[in-house]
Amino acid sequence: MLIINQVKQSIKSYDQYSGAEANIYNGKEYIPYIFNKEGSPFFEKDSLVNGWVSYGGHLYQPIRMQYDVARNQVVILNYDQNSKIYLRNEIIDSFHFLDHLFIPLKENLKENLDYTGFYDLLFNGNIRVLAIRQKSYKENIRDNELIRVFYGNDQFYIYKGDKYYKVKNKKEVFKIFSNKKKEIAKRLREQNVKFKKDDFEKALLIAATIYNQQSY
C-alpha cells in the first residue's frame with residue numbers, strides 16, 4: 001500500500017474530471033477479438049473491473065478497466081457506459097487494478113534495462129521485483145477451423161543498487177541474493193515452493209521478502 005499511496009500523492013490532481021470531456025475519454029475505440037481463440041489475451045480477467053489510472057497527471061478512480069496484454073492496450077469503459085476505448089500509452093503515468101500496480105519504464109542501457117513498457121511492480125523495498133506481462137499466440141487447425149491459442153511469457157526483473165537484472169531461474173536469483181541464499185532456500189523448502197514455471201513468481205517474491213527483511 002505504501003508505494004500506491006506515494007504514487008497517488010505525486011499526481012497533480014485527484015478525481016478532477018468533467019464528464020465526457022475528461023481527457024481520459026479521448027482514447028480510440030477498442031476493437032474486440034472476433035476470431036476463435038483459447039486462453040486469454042488479458043491480464044488475469046477478461047472482464048472490466050474497478051481500478052484507477054493516472055493519465056496525464058490526473059488520477060481517475062474508480063474506473064472500469066482491463067489490460068489487453070497481447071496488444072499492450074489499457075482498456076476502459078467509455079463515458080457512454082456501452083463501448084470500450086483504449087488509452088494512449090505515452091500519457092499513462094501508472095495504473096492499478098486487481099491489486100497490481102503498473103508503472104511505465106523506458107529502456108536504459110546504463111541501468112541494464114532492456115525494455116520500454118509497463119512493468120508490474122510486484123515488490124517495493126530495498127530491492128524491487130518487477131514483471132513485464134507478455135502474451136503471444138500460436139495458430140492451430142481443429143475441425144477445419146483456425147484457432148489462436150494465447151499463452152503467457154512473462155519476464156521478471158530485480159532492481160538492486162542501481163541496476164536491473166533479468167532473472168529466469170533459481171541460479172540467477174541466488175546470484176543476486178547470494179548472502180541470503182541459505183535462508184531463502186530454507187523458506188522455499190518449508191513452503192514447498194520451487195523456481196519452476198508455475199511457481200516462479202511466488203518463489204521470487206518469497207526470496208525478495210526474506211532478502212529485504214534481513215537487509216535493514
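The values are calculated or read from the model by the stated rules, or taken from the named source; none is laboratory data. Source: prediction; values computed, not measured. Methodologically, a virtual Cβ is constructed for each residue, glycine included, from the backbone with ideal geometry; neighbour enumeration extends over all protein chains shown.
Taking the condition modelled with pLDDT of 95 or more and touching a helix residue (DSSP H, G or I) at 6+ places or on another chain (Cβ under 6 Å), does Tyr67 pass? It would help to see each step written out before you state the result.
Numbers: modelled with pLDDT of 95 or more: yes; touching a helix residue (DSSP H, G or I) at 6+ places or on another chain (Cβ under 6 Å): no.
So Tyr67 does not fit the description; no.
Among the residues of segment 102-114, write down those that are crowded, with 16+ Cβ neighbours inside 10 Å and over 19 Å from Val53 (Cβ atoms). I'd like the intermediate steps shown before the answer.
The first filter runs over segment 102-114 and keeps only residues crowded, with 16+ Cβ neighbours inside 10 Å, leaving 102-103, 105, 113.
Correct list: Leu113 only.
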Those residues of segment 129-161 that are within 19 Å of Phe118 (Cα to Cα) and not basic (Lys, Arg) come to a total of 15
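Kindly indicate the residue of segment 46-65 that is small (Gly, Ala, Ser) and within 18 Å of Ser83 (Cα to Cα) and also surrounded by the most Cβ atoms within 10 Å (Cβ to Cβ) among those meeting that condition. Walk me through it before giving the result.
The first filter runs over segment 46-65 and keeps only residues small (Gly, Ala, Ser), leaving 47, 51, 54, 56-57.
From what is left, the residues that are within 18 Å of Ser83 (Cα to Cα) are 47, 51.
Details: Ser47: 7, Gly51: 23.
Looking at the filtered set, the residue picked out is Gly51.
Sort out for me the strands (runs of 3 or more DSSP E) sitting completely within segment 105-153 that have 1 or more residues that are acidic (Asp, Glu). Give the steps one after another, and end with the answer.
Working: elements: 117-124, 128-132, 135-142, 145-152.
Result: 117-124, 135-142, 145-152.
Scan segment 56-82 residue by residue and report those that are in a strand (DSSP E or B) and closer than 23 Å to Gln134 by Cβ.
Here is the first cut: in segment 56-82, the residues in a strand (DSSP E or B) are 58-68, 73-77.
Listed by number, the residues that qualify are Met65, Gln66, Tyr67, Asp68, Gln73, Val74, Val75, Ile76.
What number of residues in segment 164-216 are hydroxyl-bearing (Ser, Thr, Tyr), in contact (Cβ under 8 Å) with a residue 24 or more places away in the chain and in a helix (DSSP H, G or I)? Write out each step before concluding.
As a first pass, look at segment 164-216 and keep what is hydroxyl-bearing (Ser, Thr, Tyr): 164-165, 178, 209, 211, 215-216.
From what is left, the residues that are in contact (Cβ under 8 Å) with a residue 24 or more places away in the chain are 164-165, 209, 211, 215-216.
If we keep only those that are in a helix (DSSP H, G or I) too, we end up with 209, 211.
Here the count works out to 2.
Which residues, taken from segment 7-45, are among the acidic types (Asp, Glu), at pLDDT below 95 and surrounded by 12 or more Cβ atoms within 10 Å (Cβ to Cβ)? Walk me through how you get there before you give the answer.
From segment 7-45, those among the acidic types (Asp, Glu) are 15, 21, 29, 38, 44; that's our starting set.
Imposing the further condition that a residue be at pLDDT below 95 reduces the set to 15, 21, 38.
Scanning segment 7-45 gives a single hit, Glu38.
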Pairs only if they're at least six apart or on different chains, beta carbon under 8 angstrom, first in segment 122-151 and over 15 Å from Leu105 (Cβ atoms), second surrounded by fewer than 12 Cβ atoms within 10 Å (Cβ to Cβ) and among the basic types (Lys, Arg); list them, first residue then second. Arg148/Lys138; Val149/Lys138; Tyr151/Lys138
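Here is a check on your reading of the model: is Asn126 modelled with pLDDT under 95 and within 13 Å of Leu48 (Cα to Cα)?
Details: modelled with pLDDT under 95: yes; within 13 Å of Leu48 (Cα to Cα): no.
Spelling it out, it is not the case that Asn126 is modelled with pLDDT under 95 and within 13 Å of Leu48 (Cα to Cα).
Considering every residue within segment 88-99, establish whether at least one is modelled with pLDDT under 95, surrounded by fewer than 17 Cβ atoms within 10 Å (Cβ to Cβ) and farther than 23 Å from Gly39 by Cβ.
Just the residues of segment 88-99 that are modelled with pLDDT under 95, to begin with: none.
Within segment 88-99 (the criterion being modelled with pLDDT under 95, surrounded by fewer than 17 Cβ atoms within 10 Å (Cβ to Cβ) and farther than 23 Å from Gly39 by Cβ), the answer is no, since none of the residues qualifies.
Of the residues Arg133, Arg128, which single one is within 27 Å of Glu38 (Cβ to Cβ), out of contact with any Pro (no Cβ under 6 Å at 6 or more places or on another chain) and surrounded by 13 or more Cβ atoms within 10 Å (Cβ to Cβ)?
Values: Arg128 fails: within 27 Å of Glu38 (Cβ to Cβ).
The conditions single out Arg133.
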